Every structure is written in structure tokens, then in C-alpha cells.
Amino acid sequence: MTDIISQLKALKLHGMADCYVELQSQGASGATASMASSVWLLRHLLEAESTDRAIRSIRYQINAARFPTHRHLVGFDFSQSKVDKSLIDQLASMAFTDAAQNVVLVGGSGTGKTHLATALGVAGIQQYGKRVRFYSAVELVNTLEREKAAGKQGRLALGLMQIDLVVLDELGYLPFSQAGGGIAISLAIQTL
């Protein structure tokens, strides 16, 4: 009985949880087979609702992350790269996000940095419920420039404070405007 009540409360169905306790106490004196089948049905409906909410949450978080492509660690060919698989597996545990540590993937063009960063972000969402946001460096700087021009400095930074993992891609590949470079340096200094 407490299992059903805790599931109802976890789904924020507090009125149903209170009512369930009341109905259980009323039906306790004349418990029948129909009451047992009702409990069975309710348990399965609660499990289905919990599963559906988890799937919808993952789908929403994947879309909100704005990954350029959907990647998984399974799809990365470690035999063709000098990447330490055990280190990537350790990073996939997302412990570095709990410790508020930065991870920098360094390598030449075409070495799989974007694939790995995206796959780590996807794993964080799917396995640990992390909130992730993917930006190219140019996209982030342009967004900051637009924010500054609109007189709304700090809004993006406040939004990013709610994110567990920010993936910043293509740092150093494309040139910034003079103002954009200043914004990027300012942002980097403020986050240190």
C-alpha cells in the first residue's frame, strides 16, 4: 500500500494518494478479489505513467540540448583513435559535473571531439537526468553579442547556471569579431 502511495506522490498526484488511503480503509473490512485486481491495475498504470514521463523528459532534454547530431559512445570507434576508452567511460559517469569540473577535449580536426562531447551529453541526459546544452563557440558568442546589443546582459549566463553540462564546440576554429572576442574572454574570466 505504501508503495502505491509513494508512487502517487512521486507523480505529484497527492489528492489521489490521500483518496487511496481512504478507499483502502473503507475496503479493508470487506476485501474482495475486485479490490486486489484494482490494486494490480493501479500499480501497472502508475508504472506506465512513470515510464512515459521519463521518456518524455529525455526527449525534451535531448531537444533542449540542441545537439548538432545525435551520437552515442557505442558508435565511436576507439580502435581508430588515440582516445583513452577507460577515461571516456569514467567521464560518462558524469561525476565531473557533480564536482563542477571542466573537461577539455583537445585534438586535431576529425579526431572525434564533437562526437565524444555529444555522446557524453546524450549519456548524461539518458542515464543521469542531466540538463545539457550544446553550443558552437561562434553561436555562443553571437548570442552573447545579441544579448548585449538588446541591453539584456546576463540572461544567458543565468540560464546556463541551471544547466548541468555545457558543451562548447569548435573553440579556436573560427574567428570572432573584436566585440565577440572580448565577450568570450570576459565570459571565460567570469566562469573561472
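FYI, it's all coordinate maths here, none of it is from the lab. Quick caveat: nothing in here was measured; it's all calculated off a predicted structure. Ideal geometry is used to build each Cβ from the backbone, glycine not excepted, and the neighbour counts take in all protein chains shown.
Amide H of Ser136 versus every other amide H placed in the peptide plane: which residues, excluding those fewer than 5 positions away on the same chain, fall under 5 Å?
Asp169
So what are the ³J(HN,Hα) numbers for region 96-110, from phi and the Karplus equation (6.51, -1.76, 1.60; θ = phi - 60°), rounded to whole Hz, Gly and Pro as x?
With the stated coefficients, region 96-110 comes to 5, 6, 5, 8, 6, 9, 8, 10, 10, 9, 10, x, x, 5, x Hz.
Packing-wise, with mean Cβ within 10 Å as the measure, how do 117-130, 74-87, 10-23 rank, highest first? Numbers along the way, then the final one.
Numbers: 117-130: 20.1, 74-87: 11.1, 10-23: 13.4.
Peptide ranking by packing, descending: 117-130, 10-23, 74-87.
Just for the Cα atoms in region 27-134, what are the lengths along the principal axes, largest first, rounded to whole Å?
73, 28, 26
Read phi for every residue in region 38-48 and hand back ³J(HN,Hα) as whole Hz from Karplus 6.51 cos²θ - 1.76 cosθ + 1.60, θ = phi - 60°, with x for Gly and Pro.
Working through the residues one at a time gives 5, 5, 4, 4, 4, 4, 5, 5, 5, 4, 5 Hz.
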